[in-house]
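J.: One structure coming up, written as structure tokens, with questions to follow.
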Amino acid sequence: MRKIEVDLYSDTQTRPTPAMRKAIAEAEVGDEQRGEDPTVNRLQDTVAELLGKEAAVFLPSGTMCNEIAYRVHGRPGQEIILHETAHALHYEAGGPAALSGLMIRPLPGARGIFTAAQVEASLRPRGSRHEQQSAIVSIEQTSNQGGGSIWPLERIQEVAAAARAHGLAVHMDGARLLNAVVASGVSARDYAAPCDSVWIDLSKGLGCPVGAVLAGDAAFIEEAFRNKHLFGGAMRQAGIIAAAGIHALEHHVERLGGDHAKARGLAQGLARIKGIVIDPESVETNLVFFDVDEDSGLTAPELSQRLEEGHGVRIGASDQRRLRAVTHLDVPEDGVEKALAAVRAVLAG
């Protein structure tokens with residue numbers, strides 16, 4: 001197989017930069033499970049401050065952040081309200097049910113976003129002896145399957161107000177929250193303010209090798225630490241990876257705007273290729289979803305395979321017609337043009 005020259009499969013494909021590797025090598029470490037790793041502690045304090053929360057916990061993955069938050073906020077037999085395309089519903093191996101005994105109430109909505117009115121309409125009646133009780137409303141910022149769409153702050157505030165009026169917790173899956181921050185100009189603290197819990201991923205656009213940080217009030221985080229251990233997420237000298245997160249927050253946030261610019265350029269170029277269907281105006285951050293026309297004679301998986309094997313360009317297929325390209329730190333400056341040339345070549349052939 002040809003060497004991958006342009007990897008647009010996901011922003012999780014990023015690798016630590018030389019400067020990040022230096023920070024990792026020089027990290028001061030200790031036993032993080034005992035609260036004695038100074039670098040982990042600094043990262044947790046930094047993220048708590050960034051998000052305007054009382055405390056935070058460093059975890060191995062964003063999926064664990066979601067699953068711990070759901071475990072703390074809910075009880076077995078209760079229900080999480082989220083979008084029908086949400087990561088927790090489709091890509092966490094049934095975690096809410098398996099780990100916390102929680103059910104899912106999926107809501108529709110354009111580009112991964114639902115409304116306060118939908119939340120109100122979906123609520124189970126309190127006091128019913130027959131129906132599971134609604135416990136959590138979960139928001140994904142940005143929405144992955146919504147095409148990297150940004151939840152407007154006003155919409156988050158409305159949904160959170162509806163949830164709280166009925167005693168529900170509000171959780172934000174903030175895997176790409178900082179992409180939303182850079183693209184919109186709204187601060188992470190403002191986006192997080194309506195939410196009881198929120199996390200940011202370090203291993204996507206920020207370019208770290210591993211990790212995520214979950215934040216909330218002190219009582220929530222204390223219980224989150226217990227569940228971190230319960231779920232097998234206890235770590236020891238984790239400062240060597242926490243140092244990467246600190247470096248990323250200090251040096252890699254504003255550069256996310258460059259990823260967004262590359263994504264827009266990719267979308268605009270794809271729109272000019274016969275056989276590709278895309279609305280470039282739909283691209284808000286670093287995710288580019290596009291369809292291959294049936295008249296092209298190719299399915300999305302076939303196009304994906306030919307791009308990778310014949311041209312060294314990796315773009316994942318979401319289904320038989322749709323593909324997803326993600327721009328990130330490791331996409332070279334000429335990567336977008338190489339990807340467009342490869343798509344043109346495959347479709348022309």
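J.: Taking amide H positions as placed 1.01 Å from N in the peptide plane, with prolines and chain starts having none, which residues 5 or more places from Val198, or on another chain, fall under 5 Å of its amide H?
T.: Here Met172, Ala215 satisfy the definition.
J.: Counting other Cβ atoms within 10 Å of each Cβ, which GluC sites (Glu not before Pro) in segment 11-43 have at most 16 and sit in a DSSP loop?
T.: In loop regions of segment 11-43 (DSSP not H, G, I, E or B), the sparsely surrounded GluC sites (Glu not before Pro) are Glu26, Glu28, Glu36.
J.: Which angle from 0 to 90°, rounded to the nearest 10, does the C-alpha axis of helix 62-73 make with the longest principal axis of the chain?
T.: Between helix and principal axis, roughly 30 degrees.
J.: Still on this model: So, with +1 on the Cβ of K and R and -1 on the Cβ of D and E, and no other charges, what is the size of the charge dipole of segment 255-348 about its Cα centre, to the nearest 20 debye?
T.: Dipole of segment 255-348, to the nearest 20 debye: 140 debye.
J.: Oh, and also: Among rounded, prolate and oblate, which fits segment 1-129 when a ≥ b ≥ c are the square roots of the eigenvalues of its C-alpha gyration tensor, a/c under 1.5 means rounded, and a/b larger than b/c means prolate?
T.: oblate
J.: Spelling out what I want: for every residue of segment 320-328, take phi, set θ = phi - 60°, compute 6.51 cos²θ - 1.76 cosθ + 1.60 (Karplus), and round to whole Hz; glycine and proline get x.
T.: Ordered by residue, 3J(HN,Hα) equals 5, 10, 9, 10, 10, 10, 10, 8, 6 Hz.
J.: Lysines within cross-link reach of Lys274: Cα-Cα under 27 Å, excluding same-chain residues under 8 positions apart?
T.: Counting by Cα, and skipping residues close in sequence, Lys274 has these lysines nearby: Lys3, Lys262, Lys338.
J.: Any lysines with Cα under 22 Å of the Lys228 Cα? List them, leaving off those in the same chain fewer than 8 positions away.
T.: Answer for Lys228, where 22 Å is the Cα cut-off: Lys53, Lys204, listed by chain and number.
J.: Provide, as a two-decimal number, the C-alpha radius of gyration of the chain over 2.2 N^0.38 Å, N being how many residues it has.
T.: Taking the Cα Rg and dividing by 2.2 N^0.38 Å, one obtains 1.01.
J.: Select from Ala88, Ala165, Ala97 the residue whose mean-square fluctuation is largest in a Gaussian network model of the chain (Cα-Cα springs shorter than 10 Å).
T.: Ala165
J.: Ok, one more. Using θ = phi - 60° and the Karplus form 6.51 cos²θ - 1.76 cosθ + 1.60, what ³J(HN,Hα) does each residue of segment 171-176 get, whole Hz, x for Gly and Pro?
T.: With coefficients 6.51, -1.76 and 1.60, one gets 10, 10, 7, x, 3, 10 Hz.
J.: Test of understanding: in a Gaussian network model of the chain with alpha carbons linked when under 10 Å, which of Ala234, Ala325, Ala192 would top the mean-square fluctuation ranking?
T.: Sorting by GNM fluctuation, first place goes to Ala234.
J.: Starting from the alpha-carbon convex hull of segment 255-348, give the projected area averaged over all orientations, in nm².
T.: 5.3 nm²
J.: Let me ask another. Between rounded, prolate and oblate, where does segment 140-229 land on the alpha carbon gyration tensor, with a ≥ b ≥ c its root eigenvalues, rounded for a/c under 1.5, else prolate if a/b exceeds b/c?
T.: oblate
J.: Using a basic spin-label model with each label point 7 Å from the Cα along Cα→Cβ, how many nm lie between His251 and Asp334?
T.: That separation, rounded to one decimal, is 2.6 nm.
J.: Could you give the size of the charge dipole of segment 30-118 about its Cα centre, using +1 on the Cβ of each K and R and -1 on the Cβ of each D and E, expressed in debye and rounded to the nearest 20?
T.: 400 debye
J.: Okay, moving on. What GluC sites (Glu not before Pro) in segment 298-349 are in a loop by DSSP, with at most 16 other Cβ atoms within 10 Å of the Cβ?
T.: Passing both the DSSP loop test and the Cβ count: Glu333.
J.: So, one more: How large is the dipole of the chain about the Cα centre if only Lys and Arg carry +1 and Asp and Glu carry -1, each at its Cβ, rounded to the nearest 20 debye?
T.: 400 debye
J.: Quick check: the angle from helix 218-230's long axis to the longest principal axis of the chain, C-alpha only, nearest 10 degrees?
T.: Tilt relative to the chain: about 70 degrees.
J.: Moving on. Mind checking which of Asn227, Asn179, Asn66 has the largest fluctuation in a GNM of the chain, springs on alpha carbons under 10 Å?
T.: Per the Cα network of the chain with a 10 Å cutoff, Asn227 tops the list.
Rule-based calculations on the coordinates, nothing more; no lab input. Everything numeric in this text was worked out from a predicted model, so none of it was measured. So basically every Cβ, Gly included, is an ideal-geometry build from the backbone, and we count neighbours across all protein chains shown.
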